[in-house]
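Just below is one structure, and these are the notes that go with it.
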Amino acid sequence: MTNTMTLARGPNRRRVLGTGLALGAAGALGLSGCAGREAAPESTFVLLDGSKATTVGLRGKVTLVNFWATTCVTCVKEMPALVDTHLKYAPRGYDTVAVAMSYDPPAWVLNFAQSRQLPFKVAIDNTGDIAKAWGDVKLTPTTYLLDKQGRIVKRYVGEPEMGALHQLIEELLAA
């Protein structure tokens, strides 16, 4: 009998099975797009400098909205690739909004953004309302790619495969 089977049959069976189901669902979400291209939720992002950006204001650009946290290992790992992607496509009408989760201490988010010289908009979702509006985001990173009309084209749970993401960005910029 393997350790996994022992855990699944022990007192924590529901927790282990629930975690497996959540991870399986996360993987499936990462592979599936939003077939109907639903409109992104109308949101106001409060940026680190105190200014605001809205989803309506992002229209006209292909935009990546990334929900992340400074304490999320995968989020920190993927951030240099998101920076590179932003720098590569920004001159062609691409934008990025990194939304820090409500549990992320604002001082940590500010330090992270400044120390890594993030070249894109960084917002803090103090109340959790933005994450809730975007499908009750709980897992980080969760990333949405929007077309120029502000519609959700793809949702990634976990780190996107950058080659495929870049190909999709190219297609959306050309449209």
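Give the residue that is surrounded by the most Cβ atoms within 10 Å (Cβ to Cβ), with candidates limited to residues of segment 95-113 that are farther than 26 Å from residue 60 by Cα and of a type in the set (Ser, Thr, Tyr).
The selected residue is 102.
Kindly provide the set of residues from segment 70-94 that are among the hydrophobic types (A, V, I, L, M, F, W, C), in contact (Cβ under 8 Å) with a residue 40 or more places away in the chain and surrounded by fewer than 19 Cβ atoms within 10 Å (Cβ to Cβ), ordered by number.
Those that are among the hydrophobic types (A, V, I, L, M, F, W, C), in contact (Cβ under 8 Å) with a residue 40 or more places away in the chain and surrounded by fewer than 19 Cβ atoms within 10 Å (Cβ to Cβ): 72, 81.
Only one of (1) within 13 Å of the chain's Cα centre (by Cα); (2) part of a helix (DSSP H, G or I) is not met by residue 87, so which one is it?
Only one criterion in (1) within 13 Å of the chain's Cα centre (by Cα); (2) part of a helix (DSSP H, G or I) is unmet by residue 87, namely (1).
Specify which of the listed residues (175, 164) is modelled with pLDDT under 95 and surrounded by fewer than 14 Cβ atoms within 10 Å (Cβ to Cβ).
175
Kindly check whether there is at least one residue in segment 18-32 that is open to solvent by 50 Å² or more (accessible area, probe 1.4 Å), modelled with pLDDT under 50, among the polar types (S, T, N, Q) and under 24 Å from residue 103 (Cβ atoms).
Yes, segment 18-32 contains a residue that is open to solvent by 50 Å² or more (accessible area, probe 1.4 Å), modelled with pLDDT under 50, among the polar types (S, T, N, Q) and under 24 Å from residue 103 (Cβ atoms).
Just one of 65, 97, 76, 46 is outside any strand (DSSP E or B), β-branched (Val, Ile, Thr) and modelled with pLDDT of 95 or more; which is it?
Every option except 76 fails the conditions.
The values are calculated or read from the model by the stated rules, or taken from the named source; none is laboratory data. Please read all numbers here as calculations on a predicted model, not as lab measurements. When we count neighbours, we look across all protein chains shown, and the Cβ atoms used for this are built from the backbone with ideal geometry, even at glycine. For accessibility, only protein heavy atoms count, side chains too; no ligands or nucleic acids. Shrake-Rupley method; radii C 1.70, N 1.55, O 1.52, S 1.80 Å.
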